[in-house]
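Taken together, the values in this text are just the output of simple stated rules run on the coordinates, not laboratory data. Note that this is a predicted model, so its numbers are computed, not measured. Every residue, glycine among them, receives a Cβ derived from its backbone with ideal geometry; neighbour counts consider all protein chains shown.
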Amino acid sequence: MQGAYMNAWKCERYGPPEVLVQCEMPRPEPREDEILIKVEARPVTVADCRIRGFRVPPSYRLLARIALGFTKPRKAVLGNYFAGTVAATGRKVSRFAVGDRVFGGTDRAFGTYAEYVCLRDSCPMQKIPGDLDFDEAAASPWGAGTALFFLQRAEIQPGMNILINGASGSIGLASVQLAKYFGLHVTGVCSGKNRDLVLSVGADVIIDYNRDNFTEEEDTYDLVLDTVGNHSPGELCRCIRPGGTLLPVIATPAVRREALRHTRAKTIRFLGGDTSVNQKLLDVIAERLERKELRPIIDSRYSFDQMPEAHARVDTGRKTGDVIVLGP
Ligand SMILES: NC(=O)c1ccc[n+]([C@@H]2O[C@H](COP(=O)([O-])OP(=O)(O)OC[C@H]3O[C@@H](n4cnc5c(N)ncnc54)[C@H](OP(=O)(O)O)[C@@H]3O)[C@@H](O)[C@H]2O)c1
């Protein structure tokens with residue numbers, strides 16, 4: 001494999017989907033503790049698109065430039081999740097063998113927008129369960145990993161009443177399924193066009209956000225998981241019972257500060273945070289997928305050459321589940 005080249009998409013400056021450039025670059029070689037994966041499918045996530053477009057809250061801009069890169073992403077090949085085949089392993093790797101079908105995350109090392117990615121053995125990775133296709137496996141870690149992270153933190157009990165705002169997105173659809181699996185009563189907030197989809201993954205009640213405003217309800221839910229961020233913390237807290245929990249999957253620092261005033265006043269727990277899938281979360285996801293207790297939902301599939309089109313689809317904010325780029 002010495003001296004071989006591979007196909008990749010690079011982001012050489014911040015901007016619209018068209019800033020992505022397809023190129024050839026040297027194929028990486030695994031070091032002794034690394035695994036080389038031939039990537040068959042990867043999701044284009046909202047996070048990828050935020051990085052590409054440098055869409056960050058104004059108060060975060062300087063920190064974000066330091067963390068991501070000043071005029072362009074420091075890691076030019078984006079992509080934090082993948083499904084593929086092990087192509088080579090370093091001498092110290094025993095977890096996986098050449099030919100294994102695997103899926104997982106890069107632990108923010110990025111690089112899955114390429115034909116091959118070389119990852120440390122410690123990165124979250126699992127064998128693809130059963131007969132799942134690469135696209136379905138690639139559609140699992142982002143939504144289900146985030147949903148599981150928040151639900152586990154909330155110490156949920158069967159019979160609790162959860163409202164999921166943005167139930168038709170990647171995080172929302174996984175949250176509905178996992179909350180049902182844990183025995184919760186689920187109210188999903190979505191538009192009328194996505195009603196059947198959200199019901200099909202297990203929601204008990206649907207609120208069409210074009211017709212009803214759930215934040216006008218008072219003291220109704222034990223938990224509110226918000227993936228949209230279109231309501232103020234005060235509005236969200238109004239519909240949570242005293243002693244309940246707010247799970248703001250999307251929350252800027254300003255929102256966090258404002259939320260604290262409302263949550264304190266009503267003894268509501270505020271469990272925010274940022275996550276990227278880890279091994280423990282991925283192990284649970286793989287088990288749920290194996291037992292068909294979790295269904296990956298794919299919004300759309302694109303060929304490798306169509307990376308900018310896939311980004312444009314995610315940028316609409318209308319996807320239902322994951323946008324997957326296959327190949328090359
Ligand atoms: N904290 C963390 O660690 C973490 C991790 C991962 C993701 N996130 C964040 O979570 C958010 C959601 O990600 P995602 O991938 O699930 O998003 P997504 O799939 O792009 O969400 C799109 C969905 O949201 C629905 N939607 C739009 N406006 C809505 C509204 N007003 N009310 C209810 N639903 C609405 C859309 O349905 P319609 O077309 O019908 O409107 C669409 O189905 C992102 O902002 C992401 O950055 C945070």
- Item | Residue-count net charge about Val176 - beta-carbon cut-off 12 Å; Lys, Arg +1, Asp, Glu -1 | +1
- Query: Which GluC sites (Glu not before Pro) does segment 157-222 hold that lie in a coil by DSSP with at most 10 other beta carbons within 10 Å?
  - Reply: Glu218
- Note on the structure: With Cα coordinates, the longest principal axis of the chain makes an angle with the long axis of helix 253-265, in degrees rounded to 10, of 30 degrees
- Message: Relative contact order for segment 188-259: what percent, with Cα pairs under 8 Å and sequence separation of 6 or more?
- Response: 27 percent
- Message: Restricting to bridges with both residues inside the chain, how much of the DSSP beta-bridge set is antiparallel, in percent to the nearest 5?
- Response: 55 percent
- Task: Work out the charge dipole of the chain with +1 on the Cβ of Lys and Arg and -1 on the Cβ of Asp and Glu about the Cα centre, then indicate which of Ile324, Val314, Ala67 is farthest towards its positive end.
- Result: Ala67
- Roughly what would the spin-label model give for Arg31 and Arg55, points 7 Å off Cα along C-beta, in nm? 3.5 nm
- Query: Using the Karplus equation 6.51 cos²θ - 1.76 cosθ + 1.60 (θ = phi - 60°), what ³J(HN,Hα) coupling, rounded to whole Hz, does each residue of segment 34-51 give in order, writing x for Gly and Pro?
  - Reply: 10, 10, 9, 10, 7, 7, 9, 7, 9, x, 9, 9, 4, 5, 4, 5, 5, 5
- Item | Per-selection Rg to Rh, segment 161-289 - Cα, Kirkwood hydrodynamic radius | 0.96
- Using only alpha carbon pairs under 8 Å that are at least six residues apart, calculate the relative contact order of segment 158-292 and give it in whole percent. 19 percent
- Message: Over 11 Å apart: what share of the alpha carbon pairs of segment 41-83 falls there, rounded to a whole percent?
- Response: 66 percent
- Message: Could you give each residue of segment 173-180 its phi-based ³J(HN,Hα) in whole Hz, using Karplus coefficients 6.51, -1.76, 1.60 with θ = phi - 60°, and x for Gly or Pro?
- Response: 5, 6, 5, 4, 5, 6, 4, 5
- Hey, what did segment 122-193 get for relative contact order, percent, Cα under 8 Å, at least 6 apart? 31 percent
- Query: So what are the radius of gyration and Dmax for the Cα set of segment 1-141, in Å?
  - Reply: 15.5, 46
- If one puts a single equal scatterer on every Cα of segment 281-328 and applies the Debye formula without solvent, what log₁₀ I(q)/I(0) results at q = 0.20 Å⁻¹? -0.74
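Once Rh for segment 216-328 is found with the Kirkwood sum over Cα pairs, what is the Stokes-Einstein diffusion coefficient at 37 °C and 0.692 mPa s, in µm²/s? Please report the intermediate quantities before stating the final value.
Numbers: Rh = 16.7 Å.
Roughly 196 µm²/s, to the nearest whole number.
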- Treating only the Cβ atoms of Lys and Arg (+1) and Asp and Glu (-1) as charged, compute the dipole magnitude of segment 172-262 about its Cα centre; round to the nearest 20 debye. 300 debye
- Considering every pair of different Cα atoms, what Kirkwood radius, in Å, is found for the chain? 20.4 Å
- Task: Please name which of Pro158, Thr106, Trp142 has its Cα lying farthest along the dipole of segment 103-223 towards the positive end, using unit charges on Cβ (Lys, Arg +1; Asp, Glu -1) and the Cα centre as origin.
- Result: Thr106
